[in-house]
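Please read the structure below before turning to the comments.
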Amino acid sequence: MSRPVRIGVQLQPQHAPKYGLLRDAVLRAEDAGVDIVFNWDHFYPLTGDPDGAHFECWTMLAAFAEQTERVEIGALVTGGGYRNPDLLADMARTVDHISDGRLILGIGAGWFERDYTEYGYEFGTAGSRLALLKQYMARLQSRLARLTPQPVRQIPILIGGAGEKKTLRLVAEYGDIWHAFLAPEALAHKNKVLAEHCADVGTDERDIERSSQWPGLEKAREYLDAGVTLFTVGTSGPDYDLSTVLEAIRWRDEVNPEPVRGLA
């Protein structure tokens, strides 16, 4: 294991009729010992009542930044197709400062059609959304380099997705963390593809952290052996049950040589 295991929690901003429920969940997660608190960038619930309670991603991240002291924070992931990349860079820089350098900028091509159509964005195709993401990554980097003041740190970029030709190429070019929902066997194959892209663009694939959902105790070691060191547990409102998060934290502390602080 070349880097320590980290545990994230994705506090899915759905089915919480009051924001205070999320505020409380963030505090409980930090006190429990998670390394990262994520939310997601959707406008409607993905499970349960499709018209249930829901809150917006980036204004929430600013609140997370203000109320926490230790954990890193970020979106898992920002929808590239409905976030102007220059404005997103400025938002990210601002949240990075509010948190004193604890933001992870998660981004993906987007996939949930209702997010686009209900808010007036063009949904397009999977290919067009990936092409747009490619354009946006260059603009993000350019804008981040020109902002004053600069971010507190070089903001880590997390890219979600597993497409071999386009997404993994973007991970090789821009990513610090790669997040994907894959079985261990598929991860092993995709890791080889990512390594080839990294060789093409002149980056070191060992510098890219592998991230996935928490698979449960019985499969966690298998994912670790496949290269995953960042595991995230998802939980929804209104209760935001952290029992599985606590299970993952205990496992992390058993396999890590020493406590984790910050980006591994």
Exercise for review: With the condition kept exactly as written, say whether any residue in segment 65-72 is assigned to a loop (DSSP other than H, G, I, E, B) and within 14 Å of the chain's Cα centre (by Cα).
Suggested key: yes
Point to revise | segment 27-62, residues that are among the β-branched types (Val, Ile, Thr), outside any strand (DSSP E or B) and closer than 24 Å to Trp214 by Cβ | key: Val34, Thr47
**Study point:** Number of positions in segment 89-127 that are under 27 Å from Pro50 (Cβ atoms) and crowded, with 23+ Cβ neighbours inside 10 Å
**Key:** 5
Point to revise | Total residues in segment 208-257, condition under 19 Å from the mean Cα position of the chain (by Cα), in a helix (DSSP H, G or I) and aromatic (Phe, Trp, Tyr) | key: 1
Exercise for review: Pairs only if they're at least six apart or on different chains, beta carbon under 8 angstrom, first in segment 225-243 and within 18 Å of Asp35 (Cβ to Cβ), second assigned to a strand (DSSP E or B) and aromatic (Phe, Trp, Tyr); list them, first residue then second.
Suggested key: Thr232/Phe38
Check your understanding: Is there any pair linking a residue in segment 45-64 that is without any contact (Cβ under 8 Å) to a residue 24 or more places away in the chain to one that is part of a helix (DSSP H, G or I), with Cβ under 7 Å and at least six apart or on different chains, and which?
Key -> none
Check your understanding: Of all residues in segment 137-170 being basic (Lys, Arg) and without any contact (Cβ under 8 Å) to a residue 12 or more places away in the chain, which is farthest from Asn84 (Cα to Cα)?
Key -> Lys165
Check your understanding: Cβ-Cβ below 9 Å, separation at least six or inter-chain, first residue in segment 117-128 and at negative phi and among the basic types (Lys, Arg), second surrounded by 13 or more Cβ atoms within 10 Å (Cβ to Cβ) and assigned to a loop (DSSP other than H, G, I, E, B): which pairs?
Key -> none
Review point. Could you say which residue among Val193, Val171 is β-branched (Val, Ile, Thr), assigned to a helix (DSSP H, G or I) and within 18 Å of the chain's Cα centre (by Cα)?
Key: Val171
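Readers should treat all values here as calculations from the given coordinates under stated rules, not as data from a laboratory. These numbers were taken from a predicted model, which means no experiment stands behind them. So basically every Cβ, Gly included, is an ideal-geometry build from the backbone, and we count neighbours across all protein chains shown.
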